[in-house]
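Take a look at the structure set out below.
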Amino acid sequence: MNITYIIGLVAALVVFFLGCIMNINIGPNAPADATGIIEVNIENLWNFFDAASIFIVIGCTFAIVVASFPPSTLGSIPKHFGIMLNTGKFNPMNYIDQLVDLAQTARKNGLLALEGKANEQQDPFFKQAIMLIVDANDPDKVRAILENDIECMSARHEDAAGLYDKASSVAPAFGMVGTLVGLINMLRSMDVTSGGGDLGGSMATALVTTLYGCILAHMIFGPIGNNLRIRDGEEVLCKQIIVEGIMSIQSGENPKALREKLLTYIPQGQREGAAPSGGGE
């Protein structure tokens, strides 16, 4: 579970709502009749609600995103949330341990003995990598196939993250459009002979649309896109470890040396808990 995303989003929403309903009476401009340092007025929340503004920002943002991406990308949106929240799927140490185990098996029984291990694999990429060396393909060909697979996968992931980048850029723009719509309507209906009417209230209604656009961009869409890129980086790292490990197994590298090589892919602090596997000779 992506605890940092949940904590950050909840904290941002709580701080925002508290800022909307609280008056902090500190400083020389604090009202003299204030009942305390902090005053809470729940009714202030209605100052930040406008149905037409919500309709413009959310509706137009959704429409532009739909117009900008193919159905295949749009249909994957529910899956994006599962990917973003699942932080434990790609653990480099699990792959390193499996590769060292494969190296020991290959060293004792030959590469053909890895076919059974491949059939047990749940990761399609890992299974493909094992079968490529079991089938005695040329090492350069094996590396080219696997690296091209990683590159294409990362490009697909970037397209998915780009969806949220697009929404993050469009939402504030339509927030400004909604503000302009509100200002136009306000000026059209202004009665100059009566002193301008409720200018302050009308201006507040116009500006709240920009607020909605900023909230969507920086509290919703932006963090989702960043988290998807983080998950992509984790998956790419694990697949790079697989490629390097498979190539080393094909060349007959010592399992202990293989472990030391693969551990260089992860931070020094995470290597200390990695107990070396037995065997390797």
Query raised in the report: Computed from these coordinates, which is percent of Cα pairs over 34 Å apart: [x] 46; [y] 20; [z] 11?
Result: [x]
Query raised in the report: Between Ala155, Ala63, Ala51, which gets the highest mean-square fluctuation from a Gaussian network model of the chain, Cα cutoff 10 Å?
Result: Ala51
Query - Formal net charge of residues neighbouring Lys239 (Cβ-Cβ distance under 14 Å; K, R +1; D, E -1) - result: -3
Query raised in the report: Which one of Met190, Gly252, Pro92 has its Cα pushed farthest toward the positive end of the charge dipole of the chain, where Lys and Arg give +1 and Asp and Glu give -1 at the Cβ?
Result: Gly252
Requested in this report: Taking the Cα centre of region 49-266 as origin, sum charge times position over the Cβ atoms of Lys and Arg (+1) and Asp and Glu (-1), and report the length of that vector in debye to the nearest 20.
Outcome: 200 debye
Report summary line: Output ordering of 166-175, 105-114 (per-residue mean of other Cβ within 10 Å, highest first) is 166-175, 105-114
**Report entry** Rounded to whole Hz, the Karplus (6.51, -1.76, 1.60) HN-Hα couplings of region 218-234, x for glycine and proline
**Finding:** 9, 9, 10, 5, x, x, 5, x, 5, 5, 5, 5, 5, 4, 4, x, 5
Query - Local electrostatic count at Leu114 - Lys and Arg +1, Asp and Glu -1, tallied over other residues with Cβ under 13 Å - result: 0
Query - Cross-link table Lys141/Lys256; Lys79/Lys261; Lys127/Lys256; Lys117/Lys256, entries beyond 28 Å C-alpha to C-alpha - result: Lys79/Lys261
Requested in this report: Mind running the shape call on region 1-147? Use the C-alpha gyration tensor, a ≥ b ≥ c as the square roots of the eigenvalues: rounded below 1.5 for a/c, prolate if a/b tops b/c, oblate otherwise.
Outcome: prolate
Report task. On a 0 to 90° scale, report how tilted helix 3-21 is relative to the longest principal axis of the chain, with both axes built from alpha carbons and the result rounded to the nearest 10. Result -> 0 degrees
Report summary line: Across Ile215, Ile77, Ile56, the residue with the highest GNM fluctuation in the chain (Cα network, 10 Å cutoff) is Ile77
**Report entry** With Cα atoms, 0 to 90° folded angle of helix 139-189 axis to the chain main axis
**Finding:** 0 degrees
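Bear in mind these aren't lab numbers, they're just calculated from the coordinates by the rules spelled out. Quick caveat, the model's predicted, so the values are computed rather than measured. Note: ideal-geometry Cβ built from the backbone for every residue, glycine included; neighbour counts use all protein chains shown.
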